[in-house]
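Shown next, in structure tokens, is the structure this report addresses.
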Amino acid sequence: MDNDVLRQAPLFSALDDEAMAALRTSLATTRLRRGEVLFHEGDSGDKLYVVLEGKVKLGRTSSDGRENLLAIMGPGQMFGELSLFDPGPRSATVTCVTDAEFASLSHEDLLRWLEGRPVVARGLLAQLAARLRKANDVVADLVFSDVPGRVAKALLDLAERFGRTADDGVHVHHDLTQEELAQLVGASRETVNKALADFASRGWLRLEPRSVVILDMERMSRRAR
Ligand code: CMP
């Protein structure tokens with residue numbers, strides 16, 4: 001298990017080597033293939049997960065079967081803590097969009113771990129606060145922004161986390177289908193395709209299967225505002 005990846009998780013970033021070594025004895029690893037589900041919305045849950053490798057989508061399904069994606073998470077990102085701090089069923093379904101590996105920590109061990117470690121507890125609170133801030137932004141964008149603006153914002157967010165800068169632009173291998181991208185911005189696939197085609201025709205990006213190359217970051221950032 002890669003310590004560097006674990007340290008990217010706010011929960012573990014402040015730990016010294018000794019504390020990390022102690023923590024590792026409580027961690028288990030799970031490997032899943034692309035398309036497999038780690039847990040379903042509504043399940044009862046007793047573990048928190050950190051992505052070690054790969055990417056997952058966190059989604060919810062409406063009563064008429066439509067899907068909305070809350071987030072895409074990659075290495076160093078953590079999920080599965082809500083059902084501990086606000087006891088109840090899992091609030092989202094977690095599905096692998098690539099082959100993926102996770103470290104898991106039982107809620108019981110996490111609680112024990114937090115006791116007497118205010119720095120770790122603060123890391124967790126910081127992550128929850130950041131997530132609430134982001135969720136507020138998403139709600140505001142749904143109300144105030146148009147679909148192309150939301151698509152631009154989602155691509156920039158993915159670029160920040162999964163992008164690789166090359167000579168021709170920022171290569172963002174997001175591993176999402178256009179349907180999933182649409183579920184992430186809360187719009188129909190047709191509208192999202194149209195926005196992407198428009199960005200491409202303006203020369204702001206190049207579309208590739210399950211990835212984009214952002215050619216003009218400045219224009220994309222302006223469109224996302
Ligand atoms: P839990 O409810 O245990 O299982 C699903 C997890 O998805 C949840 O814990 C959170 O860790 C995560 N999650 C729920 N809502 C969001 C959100 N809006 N953004 C990012 N992650 C979320």
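The values are calculated or read from the model by the stated rules, or taken from the named source; none is laboratory data. Only a predicted model underlies this, so the values are computations on that prediction, with no experimental measurement involved. Cβ atoms come from the backbone with ideal geometry, glycine included; neighbour counts cover every protein chain shown. Please note that ligands, DNA and RNA were not included when accessible areas were found on the heavy atoms of the full protein model with its side chains. Shrake-Rupley method; radii C 1.70, N 1.55, O 1.52, S 1.80 Å.
What is the calculated FRET efficiency for residue 64 to residue 19, with r their C-beta to C-beta distance and R₀ = 45 Å, to the nearest 0.05? Before the final figure, lay out the partial values.
Numbers: r = 47 Å, r/R0 = 1.05.
After rounding to 0.05, the efficiency reads 0.45.
What does the accessible area of residue 160 come to, in Å² to the nearest 10, when a probe of 1.4 Å is used?
About 150 Å², ignoring ligands and nucleic acids.
Report the local net charge at residue 16: Lys and Arg +1, Asp and Glu -1, summed over other residues whose C-beta lies under 15 Å from its C-beta. Don't jump to the answer; show the numbers that get you there.
Working: positive: 7, 24, 117; negative: 4, 17, 18.
The answer is 0.
Excluding residue 54 itself, calculate the net charge of residues whose Cβ lies under 14 Å from the Cβ of residue 54, where each Lys or Arg counts +1 and each Asp or Glu counts -1.
Working: positive: 31, 33, 34, 55, 57, 161, 210; negative: 2, 36, 53, 99, 101, 175.
So the environment of residue 54 carries a net charge of +1.
Under a no-solvent Debye model with one identical scatterer per Cα of the chain, what's log10 I(q)/I(0) at q = 0.08, 0.16, 0.17 Å⁻¹?
Here log10 of I(q) over I(0) equals -0.31, -1.16, -1.27.
What trypsin sites (Lys or Arg not before Pro) in the stretch 5-43 are in a loop by DSSP, with at most 14 other Cβ atoms within 10 Å of the Cβ?
Answer in residue order: 33, 34.
If you put +1 on each Lys and Arg Cβ and -1 on each Asp and Glu Cβ, how big is the dipole of the stretch 119-225 around its Cα centre, in Debye rounded to 20? Walk me through the numbers before you get to the answer.
Numbers: 17 positive and 15 negative charges, 78 e Å.
So the magnitude is around 380 debye.
Can you find, among 181, 113, 28, the residue sitting farthest towards the positive end of the charge dipole of the chain, where Lys and Arg contribute +1 and Asp and Glu -1 at Cβ?
181
What ranking of 109, 168 comes out by heavy-atom accessible area, probe 1.4 Å, highest first?
On the way: 109 40, 168 65 Å².
I get 168, 109, largest accessible area first.
Treat every Asp and Glu Cβ in the stretch 168-210 as -1 and every Lys and Arg Cβ as +1, leave all other atoms uncharged, and give the resulting dipole magnitude about the Cα centre to the nearest 20 debye. List each step's numbers first, then the result.
Details: 5 positive and 7 negative charges, 28 e Å.
Using only the charged Cβ atoms, the result is roughly 140 debye.
Accessible area per residue, 1.4 Å probe, Å², for the chain: what's the number? Could you put the intermediate results ahead of the total?
Details: 11980 Å² over 225 residues.
Per residue, the chain has 53 Å² of solvent-accessible surface.
Per the Debye formula with a single identical scatterer at each Cα and no solvent contribution, what log10 I(q)/I(0) holds for the stretch 146-224 at q = 0.27 Å⁻¹?
So the normalised log intensities work out to -1.54.
Going 7 Å from the Cα of residue 225 along its beta-carbon direction, which residues of the stretch 163-199 have the amide nitrogen within less than 20 Å of the resulting point?
Hits in the stretch 163-199 for residue 225 at 20 Å: 199.
Taking the Cα-to-Cβ direction at residue 132 and at residue 178 and moving 7 Å from each Cα, how far apart do the two end points lie in nm?
In this crude label model, residue 132 to residue 178 measures out at 3.9 nm.
Any chance you could check the Cα centroid distance between the stretch 79-150 and the stretch 165-193 for me, in angstrom?
22
Kindly provide the trypsin sites (Lys or Arg not before Pro) of the stretch 63-120 that DSSP labels as loop, not H, G, I, E or B, and whose Cβ sees at most 11 other Cβ atoms within 10 Å. Write out the running numbers ahead of the final one.
Values: sites: 66, 90, 112; in loops: 66, 90.
Sparse-neighbourhood loop trypsin sites (Lys or Arg not before Pro): 66.
Ignoring ligands, DNA and RNA, what percent of the accessible area of the chain is carbon or sulfur (1.4 Å)? It would help to have the intermediate numbers written out before the result.
Working: 6010 of 11980 Å².
Ligands and nucleic acids excluded, carbon and sulfur give 50 percent.
How much length, in nm to one decimal, is gained on full extension between residue 125 and residue 201, taken as 0.36 nm per residue of separation minus their Cα-Cα distance? Each step should come with its number before you reach the end.
Working: separation 76, 0.36 × 76 = 27.36 nm, distance 4.27 nm.
The residue 125-residue 201 span can extend by a further 23.1 nm.
Would you tell me the accessible area of residue 196, worked out with a 1.4 angstrom probe on the heavy atoms of the protein chains, in Å² to the nearest 10?
0
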